[in-house]
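Take a look at the structure set out below.
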Amino acid sequence: MDTHHGLMFLCICVGLGCITTHTHTALVEKLADRKICADKHCSYVLSEARALEDYVASDCRFINLRRGQKIYVFSKLKPVEGAGVFWSGSVYGERYVHQMGVVGYFPSNYINETRVFQKNTVEIPTTDMDFFCA
């Protein structure tokens, strides 16, 4: 393949990748319009919690939980009426090294909040990136 055809092939692949990514993100449901965080970037941990029971993630926006697993909560979605209450967080523990650092949503009724780190919170709007599925 000469340089010209190689560049054309690369441009087509990158273009198709952008189209696929854009289409995929458009299909992901937004779970809430607002969220509660410790700061305006939701970068600090709100609280620590323990999973009350196992939870299997329904899609890539969510994380799996195992009973007894420690979770750090980063945000709490404010649901619209009739919707479920979801929080976002990351699992922690030596048994879950492969999941550590992965942030995702889970139903708040599957956990017990054991320690609150931030009592002063901010309420901010959610963005499409909050629900991005890669």
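The values are calculated or read from the model by the stated rules, or taken from the named source; none is laboratory data. Since this is a predicted model, take the numbers as computed values, not measurements. So basically every Cβ, Gly included, is an ideal-geometry build from the backbone, and we count neighbours across all protein chains shown. These accessible areas exclude ligands, DNA and RNA; they are computed on the full protein's heavy atoms, side chains included. Shrake-Rupley method; radii C 1.70, N 1.55, O 1.52, S 1.80 Å.
Out of the residues in segment 112-134 meeting the condition of being at pLDDT below 85 and open to solvent by 80 Å² or more (accessible area, probe 1.4 Å), tell me which one is nearest to LEU46 (Cα to Cα).
So the residue we want is MET129.
Kindly list the number of the only condition in (1) out of contact with any helix residue (DSSP H, G or I) (no Cβ under 7 Å at 6 or more places or on another chain); (2) at pLDDT 90 or above; (3) under 27 Å from GLU123 (Cβ atoms) that fails for GLY68.
(3)
Looking only at segment 93-111, how many residues end up being at pLDDT below 90, at negative phi, over 15 Å from the mean Cα position of the chain (by Cα) and not basic (Lys, Arg)?
Taking segment 93-111 first, the residues at pLDDT below 90 are 93-103.
Within this subset, residues satisfying the condition of being at negative phi are 94-100, 102-103.
Still in the running and over 15 Å from the mean Cα position of the chain (by Cα): 94-98.
The next check asks that each one be not basic (Lys, Arg); those that pass are 94, 96-98.
Residues flagged as at pLDDT below 90, at negative phi, over 15 Å from the mean Cα position of the chain (by Cα) and not basic (Lys, Arg) within segment 93-111 amount to 4.
Name the residues in segment 82-92 that are modelled with pLDDT of 75 or more and either farther than 18 Å from ALA38 by Cβ or in a loop (DSSP other than H, G, I, E, B) (or both), would you? Break it down into steps so the answer makes sense when it comes.
First pass over segment 82-92, keeping only residues modelled with pLDDT of 75 or more: 85-92.
Within segment 82-92, VAL85, VAL91 qualify.
Which of the residues that make up segment 49-69 are in a strand (DSSP E or B) and surrounded by 19 or more Cβ atoms within 10 Å (Cβ to Cβ)? Working first, answer last.
Narrowing segment 49-69 to residues in a strand (DSSP E or B): 49-51, 55, 62, 65.
Listed by number, the residues that qualify are ALA49, ALA51, TYR55, LEU65.
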